[in-house]
1. Testing the spin-label approximation: label points 7 Å from Cα along Cα→Cβ at ARG7 and TRP34. State their distance in nm.
2. Leaving ligands, DNA and RNA out of it, rank VAL69, VAL19, VAL87 by accessible area with a 1.4 Å probe, largest first.
3. For segment 62-109 and segment 9-54, compute the distance between their C-alpha centroids and round to whole Å.
4. Can you tell me the FRET efficiency between HIS80 and SER42 if r is taken as the Cβ-Cβ distance and R0 is 22 Å, rounded to the nearest 0.05?
5. Taking a ≥ b ≥ c as the square roots of the Cα gyration tensor eigenvalues, with a/c under 1.5 meaning rounded and otherwise prolate when a/b beats b/c, else oblate, which class fits segment 41-100?
Amino acid sequence: MLSALARQLPSALRRHRLVTPGTLLTWHRRLVRWKWRRTPTSPGRPSLAEEIAALIRRLARENPTWGYVRIQGELRRLGHRIAAATVRRVLRRSGLPPARQRASQQTWRSFLRSQAHTLLAYHPTRPQSAHGPGRQSRVLPVPRP
């Protein structure tokens, strides 16, 4: 194409050109060869590592009340910089619903299992202190009718 344009120049300018049409054609052939021999690279950001995606899924399953931003914050504390939209995309592809829907899927059994340490620490017949252990003011349990 450049050699065709070079032919359109006035003869006075054509005499003083530094590059011949053959040289232009050679450069063009090299350019085309280089263009089609390159290995194709995907545009955009690199994909997310599978280990991080597995960590996102694990955090979402183990903490059903955590939303995208909370999971993002926990990942940042662990040293991974990921956007909340990336967390949302990973959870959506994995089939995990948003936090509100995940939290409502909690069963009574899983609730009791997660709260067992608190429930076992309370004994209904032992007086509980409102100010902590060893304090004077005591709260006695009220007998049920």
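The values are calculated or read from the model by the stated rules, or taken from the named source; none is laboratory data. The structure displayed is predicted, hence computed values, not measured ones. FYI the Cβ positions are ideal-geometry reconstructions off the backbone, even for glycines, and counts take in every protein chain you see. Surface accessibility is based on the protein's heavy atoms, side chains included, excluding ligands, DNA and RNA. Shrake-Rupley method; radii C 1.70, N 1.55, O 1.52, S 1.80 Å.
1. 2.6
2. VAL69, VAL19, VAL87
3. 44
4. The pair HIS80/SER42 has a calculated efficiency of 0.50.
5. Since a/c reaches 1.5 and a/b is larger than b/c, the shape of segment 41-100 is classed as prolate.
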